[in-house]
Amino acid sequence: MKAPFAITLRVGSSLANKTGAWRTERPVYVDRLPPCNDACPAGENVQRWLYHAESGEYETAWRELMRDNPFPAVMGRVCYHPCQTACNRGKLDEEVGINAVERFLGDEAIRRGWTVSVTAPPTGKRVLVVGAGPSGLAAAYHLRLLGHEVTVRDAAPRAGGMMRYGIPAYRLARDVLDAEVDRIAAMGVTIELSSPVPDAAAALRDFDAVFLAVGAQLSRRTEIPAGDSARILDALGVLRDVSEGEPPLLGRRVVVYGGGNTAMDVARTARRLGATDAVVVYRRTRERMPAQPFEVAEAEQEGVRMRWLSTIAAADGGTVTVERMRLDETGFPRPTGEYEELAADSVVLAIGQDVDRSVVATLPRVSVADGVVQVGADMMTGQPGVFAGGDMVPSPRTVTAAVGHGKQAARYIDGWLRGEPYAPPPRHPLATFERLNTWYYSDAPATVRPTLDAARRVSTFAEVVGGLDEGSALFEARRCMSCGNCFECDNCFGVCPDNAVVKLGPGERYAIDLDFCKGCGICVTECPCGAIDLVPEET
Amino acid sequence: MSERVRFFQTGSFAVGNRLLPLDARTVQSDPSRSNSLTSGHRACRGCGEALGARYVLDAAMRATGGRLVTVNATGCLEVFSTPYPETSWRVPWLHSLFGNAPAVASGVATALKARGRTDIRVLGQGGDGGTVDIGFGCLSGMFERGDDVLFVCYDNQGYMNTGVQRSGATPPAARTSTTQAVGPEPGNVFGQGKSAPLIAMAHEIPYVATATIADLHDLESKVERAMGFHGARYLHVLVPCPLGWGGDAAQTVRIARLAVESGLFPVFEAERGEVTAVSPIRHRVPVEEYLRPQARFRHLFEPERRADVIDRLQAGADRNIERFGLLRAEERFGPPLGEGS
Ligand SMILES: Cc1cc2nc3c(=O)[nH]c(=O)nc-3n(C[C@H](O)[C@H](O)[C@H](O)COP(=O)(O)OP(=O)(O)OC[C@H]3O[C@@H](n4cnc5c(N)ncnc54)[C@H](O)[C@@H]3O)c2cc1C
Ligand SMILES: Cc1ncc(C[n+]2csc(CCOP(=O)(O)OP(=O)(O)O)c2C)c(N)n1
Ligand code: SF4
Ligand code: SF4
Ligand code: SF4
Ligand SMILES: [Mg+2]
């Protein structure tokens, strides 16, 4: 062949030189478990749904979320978001506002009427769910998706459990709750209301499996020496009556006894019902209060007063006597013998809830410890075919944990009904902050959700915390660093000095061309989200 | 300066981003990029120069629509890319000598002009030895005559191809094979060496810029901008050398980033002798963070920490920060494009 002008030697391409032979280590693409996913009690794939939300594909994002949790709009209002506490971005600037985006997606779904259809073939199996709280409804939703016939029975006239009769409307608007419950019913789940199930053993005769989710609905009492004229109520009763539109008469001066979230909710409710003076009496200090700090803060903004280190010694018409406490070395509150009188038209007890175990009374194999029903890792009680979850079993007692139990139970029930025990998939190792190369993330402080004016709050049960508009939700979703999961930033494809990374196209990620990869590890160091490992070559 | 995109988690800094419009992505994110320097070259694992050259040439190829001729000085880039009978170049490429690349590039540009092919552009390239030292006379002549050439120096701060000898771009205190870490002032001496970009600016040529392989958007936009000018232009790119600097191959890009974030390597651009923009330091780090991962500075930490020398290097970084306004960049030049709205 004749060479072109001035060319005397014909050259070949360096592609003939397979530099992959130099390699002692090789890059391997991995998926790691983002801390948000790891922390979500409902097992949501947070990183994944944020990924879709980032692209503005809200419906895809919502459907991804719905794989694990049928209550995005409720979650976006009441979940205490441990995902955010765990979020790696918190170590960089501020955690991603996951919960706010979740609410946006949930509200968007309601606004646009997105629904879920059941595609699994019918299994012919019938499952009874006892209790239409978050745990029971979540179990029903997942069981229905798996093709089972599901009946939910609840003693109350409306579905929702504590989401309806506990959590006040100023934190969870009832039309939102209705929409998400109705969506589950529309999937073909039969919800029978005002239908208490007194005996699980009897129910087991009519159904192939039973899921118990009766919650912890009994208000704990305490002995307070009280005169005849003292007005003493329990918090759950007050909140239930308010939810049913029959608010009780509390008077102008209300003393709430307890330091948990229920105490905060009832004190804030009292303010909305017209109490000029709502005082929370708690025997320990602020730091030791079980209530969430944001709830204490919101209560204080609304004029609720706190009396730490105090117990109620006696109550009478118009006054309560409180005794000052002090913490001993072990942090336990001890009486001091110093008393004080507080003016009070009523006292509301919010000192904890117990589980009504009568539903399992006829099932001797079901064991109870510490007042709650015991279940195995498969959510099954000692009675084969009877599963339980939510507040009635050992649990952090949150809506999210209840929903997570419902999902887990549904999977185990499904396995049990099919005779193929469910084995949870192995969890990826954690995507730790140290694995990230955060230089690549733009500086972006968190967005703040709008809140209702404190002055207006005390006169209305309208929601205190508002939602994000689309722009802010999108911005917030885009603050996610996609920890441990490739988000197709092209960095590895770009930074390889040897062109040894192949881009496979949108959604298909990348591959290493081992013919040329020298194993330098630059792609590993420069992957923003830590989705590449460098592993020794086998020699 | 590249246009910074707001609110995409990595839109401003990563190579690509699935959410960005195609024209706002880098050349390198494009699967059909030219790969001007293709696989199979014999550069060391993690070579910054190989990476920098591909970044620059792919961007130049896009900017010129593929009508580009390159002229290469002797050095690693030439040697590792063209051991006969192989070549890694997918661009027209010429090599003559160590010291004459700018002159050859001038000649190519003149020849093209004589043939009426001014649509074909010329890019000369070489290492810091070939550019800052031995080729400097030719380079200055090229600047002075205003030949239509973009000359790119890949600065790895030493004569790497022949065994890591000191060059006029080697930083003070660095150990090279000709500046050993011995005696009371180990490594390269303070007070010598030169800044080729500042000397280039003194020629008042249309465009001078510095860049690194740690900020691709910035580097590509500078190549594109340089190609928008005619006449002599100069681009000085910091390209860490894992072998010569004694750094972990995986850290090549990171070390370049630390050079910028510490203030030791100011990133700026200038037109006709005036600085027109600087890249602000995003997260300032002490020079020590840059020095520590490099074996060529190990004698500053072992057997004992040489605080006196580290302080002198820090003073150099502080001077750069002050001189170029690396922390106050936004005040001097306004916010980066795209962030104003
Ligand atoms: C005031 C208050 C505020 C709260 N705020 C929050 C919050 O902001 N965030 C959060 O995550 N968690 C909050 N919680 C906790 C959360 O509400 C509960 O952890 C959660 O509702 C438990 O769900 P569950 O399904 O187990 O039970 P529940 O929600 O209690 O539902 C149990 C259901 O079972 C029904 N039932 C009971 N016995 C029978 C029977 N024998 N037959 C048929 N039906 C029966 C009940 O009527 C009820 O509907 C709050 C709780 C209270 C009380
Ligand atoms: C006139 C002449 N002197 C010396 C050499 C030997 N030589 C070849 S490459 C090189 C060093 C190149 O250094 P630099 O330009 O910085 O490029 P690098 O290899 O560091 O990329 C030397 C000294 C030569 N080829 N020609
Ligand atoms: S940055 Fe994103 S993926 Fe990482 S923990 Fe936070 S929400 Fe999850
Ligand atoms: S950057 Fe390229 S050569 Fe280096 S390890 Fe990654 S794929 Fe291999
Ligand atoms: S560098 Fe970017 S594209 Fe490559 S694996 Fe990591 S996230 Fe994915
Ligand atoms: Mg060099």
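The values are calculated or read from the model by the stated rules, or taken from the named source; none is laboratory data. Small disclaimer: the values here were computed from a predicted structure and weren't measured. Heads up, the Cβs are rebuilt from the backbone with ideal geometry, glycines too, and the neighbour counts pull from every protein chain shown. Keep in mind that these areas ignore ligands, DNA and RNA; they rest on the heavy atoms of the full protein, side chains included. Shrake-Rupley method; radii C 1.70, N 1.55, O 1.52, S 1.80 Å.
Distances longer than 37 Å among the Cα atoms of region B:31-330: what percent of all pairs is that? Percent of Cα pairs beyond 37 Å in region B:31-330: 11. Shielding value for B:81-90 is 4, the average number of Cβ atoms from other chains within 10 Å of each residue's Cβ. Close amide H contacts of A:GLY466 (hydrogens built in the peptide plane, cut-off under 5 Å, sequence separation of 5 or more or a different chain): A:THR451, A:LEU452. Geometric descriptor of region A:220-352, per residue, is 99 Å³ (volume of the convex hull of the Cα atoms).
Any of A:LYS518/B:LYS222; B:LYS113/B:LYS222; A:LYS91/A:LYS407 with alpha carbons more than 26 Å apart? Name them for me. Walk me through the numbers on the way to the answer.
Details: A:LYS518/B:LYS222 29 Å; B:LYS113/B:LYS222 24 Å; A:LYS91/A:LYS407 31 Å.
Going by Cα-Cα distance, A:LYS518/B:LYS222; A:LYS91/A:LYS407 fall outside the 26 Å limit.
Within region A:186-269, the proportion of C-alpha pairs whose separation exceeds 15 Å stands at 72%.
Please state, rounded to one decimal and in Å, the Kirkwood hydrodynamic radius that region A:14-85 gives when every pair of distinct Cα atoms enters the mean of 1/r.
Working: mean 1/r = 0.0674 Å⁻¹.
Final number for the Kirkwood radius of region A:14-85 is 14.8 Å.
Our note on the geometry: Cα centres of region A:217-274 and region B:226-247, 73 Å apart. Each peptide in B:207-220, A:48-61, A:380-393 gets a packing score, the mean of other Cβ atoms within 10 Å over its residues, and the list from highest to lowest is B:207-220, A:380-393, A:48-61. So which residues of region B:236-282 lose at least 30 Å² of accessible area, probe 1.4 Å, when you go from the chain by itself to every protein chain present? Listed by number, the residues meeting the 30 Å² cut-off are B:ALA250, B:VAL253, B:ARG257, B:ARG282.
With a 1.4 Å probe and all protein chains left in place, how much accessible area per residue does region A:220-352 have, in Å²?
Values: 6120 Å² over 133 residues.
Per residue, region A:220-352 has an accessible area of 46 Å².
Expressed as a whole percentage, what fraction of the accessible surface of region A:403-539 belongs to carbon and sulfur atoms when a 1.4 Å probe is rolled over the protein heavy atoms?
Working: 3180 of 5700 Å².
Result for region A:403-539: 56 percent of the exposed heavy-atom area is carbon or sulfur.
Evaluate peptide B:15-22: per residue, the Cβ atoms of other protein chains within 10 Å of its Cβ; return the mean as an integer.
Partner-chain Cβ atoms within 10 Å, mean over residues of B:15-22: 5.
Near A:GLY390, once Lys and Arg are set to +1 and Asp and Glu to -1 for all other residues with Cβ below 12 Å from its Cβ, the sum equals +1. What FRET efficiency do you get for A:THR60 and B:ASP23 if R0 is 22 Å and r is their Cβ-Cβ distance, rounded to the nearest 0.05? That gives a FRET efficiency of 0.30.
For a protection proxy built on the mean count of beta-carbon atoms within 10 angstrom, sort A:162-172, B:20-30 highest first, please. Before the final figure, lay out each step's value.
Working: A:162-172: 21.3, B:20-30: 17.1.
Descending packing order for the listed peptides: A:162-172, B:20-30.
Among the residues of B:25-36, the average count of other protein chain beta-carbon atoms within 10 Å of the residue beta-carbon is 3. Where Lys and Arg each count +1 and Asp and Glu each count -1, what net charge lies around B:THR87 among other residues with Cβ under 13 Å from its Cβ? Local net charge: +1. Rg then Dmax, both in Å and based on the Cα atoms of region B:195-254: 13.7, 39. Mean silhouette area of region B:88-153, derived from the convex hull of its C-alpha atoms and averaged over all directions, reads 4.5 nm².
Which percent of the accessible heavy-atom area of region A:220-352 goes to carbon and sulfur, probe 1.4 angstrom? C and S atoms contribute 46 percent here.
When N counts the residues of region A:56-162, how does its alpha-carbon radius of gyration compare numerically with 2.2 N^0.38 Å, as a ratio?
Details: Rg = 16.1 Å, N = 107, 2.2 N^0.38 = 13.0 Å.
Expressed relative to 2.2 N^0.38 Å, the Cα Rg reads 1.24.
Once A binds B, the 1.4 Å probe can no longer reach about 4300 Å² of accessible area, counting both sides.
Highest mean packing first, where packing is the average number of other Cβ atoms within 10 Å per residue, the peptides A:195-203, A:531-539 line up as A:195-203, A:531-539.
Taking the DSSP bridge list for the protein assembly as shown and keeping only pairs wholly inside it, about 40 percent are antiparallel.
Quick one: pull the percent of accessible area on region B:196-242 belonging to carbon and sulfur, 1.4 Å probe, ligands and nucleic acids left out. Result for region B:196-242: 53 percent of the exposed heavy-atom area is carbon or sulfur.
Summing +1 for each Lys or Arg and -1 for each Asp or Glu, what net charge is found among the other residues whose Cβ lies under 10 Å from the Cβ of B:ARG175?
+3
Per residue, how much accessible area does region B:1-136 show when a 1.4 Å probe rolls over the protein heavy atoms, in square angstrom? Walk me through the numbers before you get to the answer.
Working: 4730 Å² over 136 residues.
For region B:1-136, the solvent-accessible area averages 35 Å² per residue.
Panel values: the protein assembly as shown, Kirkwood radius from alpha carbon pairs, Stokes-Einstein at 20 °C and 1.002 mPa s, translational diffusion coefficient 68 µm²/s.
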